Amino acid sequence: MIKILNVAYKNLLRKKTRSGLTIIGIALAAWVLVSLLGFNKGYESSLNRDIDNLGFQMIVTAKGCPYEAATLMLKGGTGLRYMPQNITEQIAREPEVEAVTSMLMQAVFDPNKGESGGYSAYLGVDPATFPQMKSFLEFKQGKWFTDPDALEAVLGYEAAELEQREVGDPLLIIEKNVEVKVVGILKRTGTQDDGTIFLPLNSVQKIFGVKDELTGVGIKVKKEADMVQFEEKMYKLPDVQVVSLSQVKQTIMTLVSTAKVMVFSIALIAILISVVGVINTILMSVMERLQEIGILKSMGATAWDIFKLIWLETLILCISGGMIGAALAMATAKLTEVLIRQLLPYAPSGGLVQINLSLIILTFGVVILIGLLSGVYPSWKAGRVRPLEAIRSQVE
Amino acid sequence: MKENGQKVIEADHLVKIYRRGSEEIAAVNDISLSVKVGEFVSFVGPSGSGKTTLINILGCLDNPSSGKLVLAGRTVVDHGEALSEATLTKIRREIFGYIFQKFYLIPTLTVIENVMLPFTFYKKPGAENDVERILKLMGIDHRKDHLPGQISGGEMQRVAIARALVNRPRIILADEPTGNLDTRRSQEIGDLLKGLNQKEGLTIILVTHNPALAKRADRIIELRDGKIYAPVHA
Ligand SMILES: Nc1ncnc2c1ncn2[C@@H]1O[C@H](COP(=O)(O)OP(=O)(O)OP(=O)(O)O)[C@@H](O)[C@H]1O
Ligand SMILES: [Mg+2]
C-alpha cells in the first residue's frame, strides 16, 4: 500500500531542482534564525556574566564613609562610620534585591610597611554570602574560610605579594596583636580586591571590637529591576550613601535590547522571504498539476486528501530545509562568532553564539509553522480543483 | 450478469449550457438515455458535438444545467440540482473507473505504485487482492517495477486502465482512450475493453473517433450538436 506521505515525497522528486532550491531557501532562513537567536542568547548570557562578575552593582555605606580601601588609606585610615548590622536584613527585604552581603572595613597603620609605613586594610566579609556573590573570584592557592569565626585570612593577589605570604603562613594584625592564618590567595582580578585582605566578618568585629556594626552592604540587584528607582529607595535609609553601577548596567541593557530588536527583525525578514518562496514553489507545482489533481479526485481523493497531500509536500520541504539549516548553523557557529566579533563595537567575553537543543527545537517549531502556514493557501486551492478540470483541459 | 437488464444509468432530458459572453451554447441539448448493467456503449460524433460534455455529466464529473440523472437507482441530479461535492466524490469512487486520453501517471512512482495509487485515498475491501490479476490482464505484470518513462505509450494506457480497475468499478468511462495511440495499440486497448465487458461484466461507456473501436460496443450512439442523432444498434 502506498502512503500519502510517500506520494508527497515522490511528487517533490519530480522537480528536483525546484524542490532543492526551495529547501535551500528554507535552510538559509533556518540558518539565519538559529545563528541570530543563538547569538542573541550567547551575547546576552555573556553580557550578564560580565555584569555578574562585578559581584554587586551597588554598595550602601554610612554617610561620609569611604567605601574603597584605597580611599580609606588616602584619608589615613580615618573617617570610618558605621551602620547597624540589621540594615542588611532590612535591605534584603526589598523586592528588587537578589542578594546582599555585609562588610566591615578596618585599617591599621603598619610602620614597617614600605619605606615610611602604610595602612593595611582588612575587609570583614560574610562567608555565607560574599563568596557566592563574587563567584568569579578564583583562587591561586587555598580556599575560603573554614568557619565564620575562624581567625583566617584570604589575600588578594597583590596583598599576598606585598605581605609575601603563602597559604598556611601566619599573618599578624599589628596593633591588635592578633595572628590569623592565611588560608587562600586569590588570582589577579584587576580590581581593588587584589589589594584587600579578607577576613570573616565576625572575626573582624571581634578583633577590632566593633560589634554589630558594618561599614558597607553589597547589593546584587535583580536583572529586571529598575536600578535608578531602587537607588532612590536606598537613599531614603537614614544616613547612608549609595554607590552604584546603575548607569553602566542601564546602558548595557539598552544596548542589548536594541541588538535584540535588530536581531529579531532580521530573523523575521528571513522568515518572510522563505514563506513567500515556499508558497511560490507549492503554488506553482499545484498549478502545473491541476489536471493530475483532477485525476486523483476522480480516483476518489477528497478535497481533504488533496489538501493533506499538498500540505505534506510543503512540510517535507520545510522540515528538510530546517534540518539542513540547523546543521549549517551549528557547523558555522564559530565562524559566525568571529564575524560578529568584528562587527560589534563591544563584545563581551565568552561564547557569543550559543546553540542548544531548545533553540534547535524552537527553530524547528518556527520552520514547521512556516510550512503549515504557507501550505494552507496552495493546499486549499488544490483541494478545490474539480475533477472535471482534468478532463476539460485535455480538450485544448 | 448481462442478462440482468437492470438500468445502471438513467438520464432524463439532460441539458448543458455554456455561456460564452452573450452567446449560449447547448453542448448537451436535451438528451435522454439509459444504460443497462453490463452494456458496452460507444459515443461517436464530430468534434464539438458534446460527447465529452455528456459523459462527464454521466460520470458525475460535471453538473448539467437541467435534467435528471439516476445512477444505480440513486438520484444524483434532479432538475439540474446535484448532490454535494463530498457525496459526489463518494459516488464516483464507488461506481466509476475513469480512463482519459492522457494517462496522468506519476513519473516518480513505479507501474505498480501508480496502479495502486487510488488505494491511498480509498480502497474497497479486498480490492488489493485483484491487483496482480489486473496487472496480468493488462499485460503489464512484467513491467510493474518500471517507471512510466521506461515503458511504451500503449503500456502506459494499460497502466492507466489498470489504475481505473483496482477499486472494482461498476462502470468504466473512457474518453478517447486511444487518442494518443497508433492503430495497433488502439486495437489492443479495444480488445482489453471488450474483454473487461464480456469476462468481467463491466459496464463500459466509450467515447471515440475511431470507428473500428466504436464497433466493439453493443450499441453506438451518435451525437450531433448536443443531440442524439442516430442511435445505431450494432
Ligand atoms: N467549458 C466550456 N465552456 C464553454 N464552452 C464549452 C466548454 N466545454 C465545451 N464547450 C463547448 O461545448 C461543445 C461540446 O464540447 P465537447 O467537448 O463536449 O465536444 P466533443 O464532442 O467531446 O468534441 P471532441 O470530439 O473534439 O472531443 C463545444 O462547442 C465546446 O466548444
Ligand atoms: Mg471530447
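The values are calculated or read from the model by the stated rules, or taken from the named source; none is laboratory data. For clarity, every value in this text was computed on a predicted model and none was experimentally measured. Here Cβ is always computed from backbone atoms with ideal geometry, including for glycine, and neighbour counts include all displayed protein chains.
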For this session: Tell me, yes or no, whether region B:42-55 has at least one residue that is surrounded by 15 or more Cβ atoms within 10 Å (Cβ to Cβ), without any contact (Cβ under 8 Å) to a residue 24 or more places away in the chain and within 16 Å of ligand 1 (Cβ to nearest atom).
Result: yes
Exercise. Considering A:GLY300, A:GLY294, which residue is on the phi > 0 side of the Ramachandran plot, touching a helix residue (DSSP H, G or I) at 6+ places or on another chain (Cβ under 6 Å) and within 14 Å of another protein chain (Cβ to nearest Cβ)?
Worked result: A:GLY300
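Please determine whether any residue of region B:127-135 is surrounded by 21 or more Cβ atoms within 10 Å (Cβ to Cβ) and at pLDDT 90 or above.
Step one: list which residues in region B:127-135 are surrounded by 21 or more Cβ atoms within 10 Å (Cβ to Cβ), which gives B:134-135.
Applying the additional criterion that residues be at pLDDT 90 or above yields B:134-135.
Yes, that holds for at least one residue.
Taking the criterion of being within 14 Å of chain A (Cβ to nearest Cβ) and assigned to a loop (DSSP other than H, G, I, E, B), would at least one residue in region B:225-232 satisfy it?
Just the residues of region B:225-232 that are within 14 Å of chain A (Cβ to nearest Cβ), to begin with: none.
For region B:225-232, residues within 14 Å of chain A (Cβ to nearest Cβ) and assigned to a loop (DSSP other than H, G, I, E, B): absent.
Give region A:99-132 a look and list any residue that's part of a strand (DSSP E or B) and within 28 Å of A:ARG49 (Cα to Cα), or say none.
At the first step, the residues of region A:99-132 found to be part of a strand (DSSP E or B) are A:99-110, A:118-125.
Matches in region A:99-132: A:ALA99, A:VAL100, A:THR101, A:SER102, A:MET103, A:LEU104, A:MET105, A:TYR122, A:LEU123, A:GLY124, A:VAL125.
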Exercise. How about region B:157-185: which of its residues are within 16 Å of ligand 2 (Cβ to nearest atom) and polar (S, T, N, Q)?
Worked result: B:THR178, B:ASN180
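Among the residues in region B:60-69, are any away from ligand 2 (no atom under 16 Å from the Cβ) and of a type in the set (D, E, K, R)?
yes
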Seminar exercise, completed: Result of the Cβ filter at 9 Å on region B:180-202, keeping first residues that are modelled with pLDDT under 90 and partners that are loosely packed, with under 13 Cβ neighbours inside 10 Å and outside any helix (DSSP H, G or I), at least 6 apart or interchain, is B:ARG185/B:SER152; B:GLU200/B:MET1
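Going by the structure shown, is A:ILE340 at pLDDT below 85, under 30 Å from A:ALA301 (Cα atoms) and either within 16 Å of ligand 1 (Cβ to nearest atom) or not polar (S, T, N, Q) (or both)? Don't jump to the end; show me each part of the working.
Values: at pLDDT below 85: yes; under 30 Å from A:ALA301 (Cα atoms): no; either within 16 Å of ligand 1 (Cβ to nearest atom) or not polar (S, T, N, Q) (or both): yes.
When the stated conditions are applied, A:ILE340 does not pass them.
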Exercise. Identify, please: which residue in region A:345-362 is among the polar types (S, T, N, Q) and at pLDDT 70 or above and is, among those, surrounded by the most Cβ atoms within 10 Å (Cβ to Cβ)?
Worked result: A:GLN354
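Is it true that A:LEU309 is part of a helix (DSSP H, G or I), within 14 Å of chain B (Cβ to nearest Cβ), free of Cβ contacts under 8 Å to residues at least 40 places away in the same chain and buried (at least 22 other Cβ atoms within 10 Å of the Cβ)? Write out each step before concluding.
Details: part of a helix (DSSP H, G or I): yes; within 14 Å of chain B (Cβ to nearest Cβ): yes; free of Cβ contacts under 8 Å to residues at least 40 places away in the same chain: no; buried (at least 22 other Cβ atoms within 10 Å of the Cβ): yes.
Spelling it out, it is not the case that A:LEU309 is part of a helix (DSSP H, G or I), within 14 Å of chain B (Cβ to nearest Cβ), free of Cβ contacts under 8 Å to residues at least 40 places away in the same chain and buried (at least 22 other Cβ atoms within 10 Å of the Cβ).
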For this session: Inspect region B:19-27 for any residue being touching a Pro at 6+ places or on another chain (Cβ under 9 Å), within 16 Å of ligand 2 (Cβ to nearest atom) and not basic (Lys, Arg) and give the result as yes or no.
Result: no
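I'm trying to understand the selection: among the residues of region A:193-233, which are of a type in the set (D, E, K, R) and assigned to a strand (DSSP E or B)?
Within region A:193-233, the first condition is being of a type in the set (D, E, K, R), and the residues that meet it are A:193-194, A:206, A:211-213, A:220, A:222-224, A:226, A:231-233.
Passing the criteria: A:GLU213, A:LYS220.
Of the residues B:MET156, B:MET138, which is over 13 Å from the mean Cα position of the chain (by Cα) and under 13 Å from B:PHE100 (Cβ atoms)? Explain how you work it out, then say what you get.
Numbers: B:MET138 fails: under 13 Å from B:PHE100 (Cβ atoms).
From the options B:MET156, B:MET138, the qualifying one is B:MET156.
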Seminar exercise, completed: Among strands (runs of 3 or more DSSP E) completely within region B:46-124, the ones holding 1 or more residues that are farther than 30 Å from B:GLY154 by Cβ and more than 8 Å from chain A (Cβ to nearest Cβ) are B:66-71, B:74-78
For this session: Answer yes if at least one residue in region B:84-105 is crowded, with 22+ Cβ neighbours inside 10 Å, under 26 Å from B:HIS209 (Cα atoms), charged (D, E, K, R) and within 13 Å of ligand 1 (Cβ to nearest atom), and no otherwise.
Result: no
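Which is under 18 Å from the mean Cα position of the chain (by Cα) and within 16 Å of ligand 1 (Cβ to nearest atom), of B:VAL28, B:VAL70, B:VAL15? Don't jump to the end; show me each part of the working.
Details: B:VAL70 fails: within 16 Å of ligand 1 (Cβ to nearest atom); B:VAL15 fails: under 18 Å from the mean Cα position of the chain (by Cα).
Checking each option against the conditions leaves just B:VAL28.
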Exercise. Restricting the search to region A:1-12, which residues are within 9 Å of chain B (Cβ to nearest Cβ) and either in contact (Cβ under 8 Å) with a residue 12 or more places away in the chain or within 21 Å of A:GLY325 (Cβ to Cβ) (or both)?
Worked result: A:ILE4, A:VAL7, A:TYR9, A:ASN11, A:LEU12
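Tally up the residues in region B:118-147 that are touching a Ser or Thr at 6+ places or on another chain (Cβ under 8 Å) and among the acidic types (Asp, Glu), please.
1
Just for region B:172-186: of the residues that are away from chain A (no Cβ under 14 Å) and outside any loop (DSSP other than H, G, I, E, B), which one is nearest to B:ALA72 (Cα to Cα)?
Narrowing region B:172-186 to residues away from chain A (no Cβ under 14 Å): B:181-186.
Filter once more, keeping what is outside any loop (DSSP other than H, G, I, E, B): B:183-186.
On the way: B:THR183: 35, B:ARG184: 35, B:ARG185: 32, B:SER186: 30 Å.
My answer is B:SER186.
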Seminar exercise, completed: B:LEU206: passes all of (1) within 16 Å of ligand 2 (Cβ to nearest atom); (2) part of a helix (DSSP H, G or I) but (2)
